[in-house]
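Structure first, then comments.
Every read-out reported here was derived from the displayed coordinates using simple, explicitly stated rules and does not represent laboratory data. The structure presented is a predicted model; accordingly, all values stated were derived computationally and were not measured. Cβ placement follows ideal geometry from the backbone for every residue including glycine, while neighbour counts extend to all protein chains displayed.
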Amino acid sequence: MAEVLVVVEATREFGVKKVTLELLTLARELGSPAAVVLGGPGAVAALADKLGEYGAETIYAAEHEEIDGHLVAPKATVLAELVRRVQPAAVLLASSQEGKEIAARLAVKLDNGVLTDVVGLAADGTATQVAFAGSTIVTSKVTRGLPLVTLRPNSVTPSPAPATPAVEQLDVVLGEADRLTRVVERVAEQKGSRPELTEASVVVSGGRGVGNADNFKLVEELADLLGGAVGASRAAVDSGFYPHQFQVGQTGKTVSPQLYVALGISGAIQHRAGMQTSKTIVAVNKDAEAPIFELADFGVVGDLFKVVPQAAEEIRKR
Ligand code: FAD
């Protein structure tokens with residue numbers, strides 16, 4: 001069975017990202033899953049067990065200061081070399097900022113088609129893809145080269161299938177074009193106890209209707225009760241209510257949780273682009289005509305300052 005390459009995403013704090021486990025689960029439907037770790041020296045050691053637990057039969061490891069020390073260009077170069085050599089059945093990446101950039105560069109290097117923001121992939125390579133800022137769902141197929149696909153987080157339910165992966169070290173041979181940008185500093189994001197926004201299975205977001213930064217405590221409180229992450233609309237971010245890294249939408253992050261709660265958010269197309277593939281959407285808005293209600297599975301027409309404390313109270317009782 002041909003290999004399916006899964007490009008691994010991981011954080012120093014939490015290890016392998018959930019989206020990578022989703023990709024490995026999906027890869028098992030398409031062929032023999034092989035994880036590709038592109039990182040600094042020693043990167044594989046912390047990740048191998050988890051990758052094996054979700055079915056990676058091989059781990060291709062490119063562990064090198066230069067992979068870690070530059071932006072994505074070296075990763076695309078190493079990956080292109082690997083694809084040329086092993087001729088996989090498909091290459092799967094996360095639809096993250098980095099995943100999409102690697103995929104785009106890889107497509108150019110291989111003269112291959114690429115599909116981004118995929119939410120489903122059939123064994124014959126037919127993808128379900130979200131297009132035009134989320135307003136259209138299309139099925140599409142790469143017609144030039146192999147299926148090169150980036151998958152939106154939370155599109156697949158990860159399931160373990162233990163394997164004992166063989167680790168193969170890759171040569172890292174870079175050119176000048178790979179060294180045009182360099183990482184000069186890393187600043188760790190302020191980490192609380194909440195899950196990462198794009199990985200969370202519950203997201204509670206606040207909009208302009210929340211009113212000010214202080215009131216966002218209400219959004220945070222509900223998120224914490226539900227074990228979720230906090231998001232914000234662009235209007236809330238631009239008004240200084242909440243930091244930009246939590247913005248959901250076309251120019252923010254794309255989320256696809258099991259439950260998305262929109263508080264005081266009107267539901268503009270640019271916001272919907274980042275959240276409309278959420279499995280269940282709950283909206284609280286005092287305007288019954290707000291477009292968010294066209295999308296919501298459950299809607300409460302009411303003042304969020306009354307509705308949210310009542311909901312929180314109810315959740316605390318259970
Ligand atoms: P509003 O549209 O002002 O809505 C506030 C809502 O709160 C209203 O529906 C109101 O009825 C309700 N409300 C007020 N008080 C209460 C209360 N007490 N209780 C209950 N409900 C209440 N937006 C994004 O979110 N993400 C993006 O990534 C993004 N990218 C963009 C990119 C471009 C190129 C452009 C042009 C725009 C983008 N926008 C984005 C902005 C988008 O068009 C909207 O302006 C924005 O989403 C509106 O945010 P909002 O819903 O919080 O505010």
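Remarks
- Contact map, the stretch 1-26: first residue under 26 Å from GLN87 (Cα atoms), second residue surrounded by fewer than 22 Cβ atoms within 10 Å (Cβ to Cβ) and of a type in the set (Val, Ile, Thr), Cβ cut-off under 6 Å, separation 6 or more or different chains; pairs are GLU3/VAL86; GLU22/VAL156; THR25/VAL156; LEU26/VAL156.
- Residue list for the stretch 172-201, restricted to those being closer than 21 Å to ALA76 by Cα, touching a helix residue (DSSP H, G or I) at 6+ places or on another chain (Cβ under 8 Å) and surrounded by fewer than 17 Cβ atoms within 10 Å (Cβ to Cβ): VAL173, LEU174, GLY175, ALA177, ARG179, LEU180, THR181, ARG182, VAL183
- Selection within the stretch 260-318 - touching a Ser or Thr at 6+ places or on another chain (Cβ under 6 Å), over 15 Å from ALA223 (Cβ atoms) and more than 9 Å from the ligand (Cβ to nearest atom): THR277, ASP297
Conditions (1) over 29 Å from PRO158 (Cα atoms); (2) surrounded by fewer than 22 Cβ atoms within 10 Å (Cβ to Cβ), marked per residue:
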site: ALA262; (1), (2): no, no
site: SER266; (1), (2): yes, yes
site: MET275; (1), (2): no, no
site: VAL284; (1), (2): yes, no
site: ASP303; (1), (2): yes, yes
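- Condition met for THR139 (among the polar types (S, T, N, Q) and either touching a residue at least 40 places away in the same chain (Cβ under 8 Å) or within 21 Å of VAL248 (Cα to Cα) (or both)): no
- Qualifying residue in the stretch 211-225 (condition: surrounded by 23 or more Cβ atoms within 10 Å (Cβ to Cβ) and near the ligand (Cβ under 8 Å from one of its atoms)): no
For (1) under 22 Å from LEU21 (Cα atoms); (2) crowded, with 20+ Cβ neighbours inside 10 Å; (3) not polar (S, T, N, Q), each residue gets a yes or a no:
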| position | (1), (2), (3) |
| --- | --- |
| ALA48 | yes, no, yes |
| ARG85 | no, no, yes |
| VAL108 | no, no, yes |
| GLY113 | no, no, yes |
| THR116 | yes, yes, no |
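- Enumeration of residues in the stretch 53-87 that are in a loop (DSSP other than H, G, I, E, B), in contact with a Ser or Thr (Cβ under 9 Å, 6 or more places away or on another chain) and under 13 Å from VAL4 (Cα atoms): GLY55, GLU57
Okay, residues lined up against (1) within 16 Å of the ligand (Cβ to nearest atom); (2) free of Cβ contacts under 8 Å to residues at least 12 places away in the same chain:
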| site | (1), (2) |
| --- | --- |
| LEU174 | no, no |
| GLU185 | no, yes |
| ARG194 | no, no |
| GLY209 | yes, no |
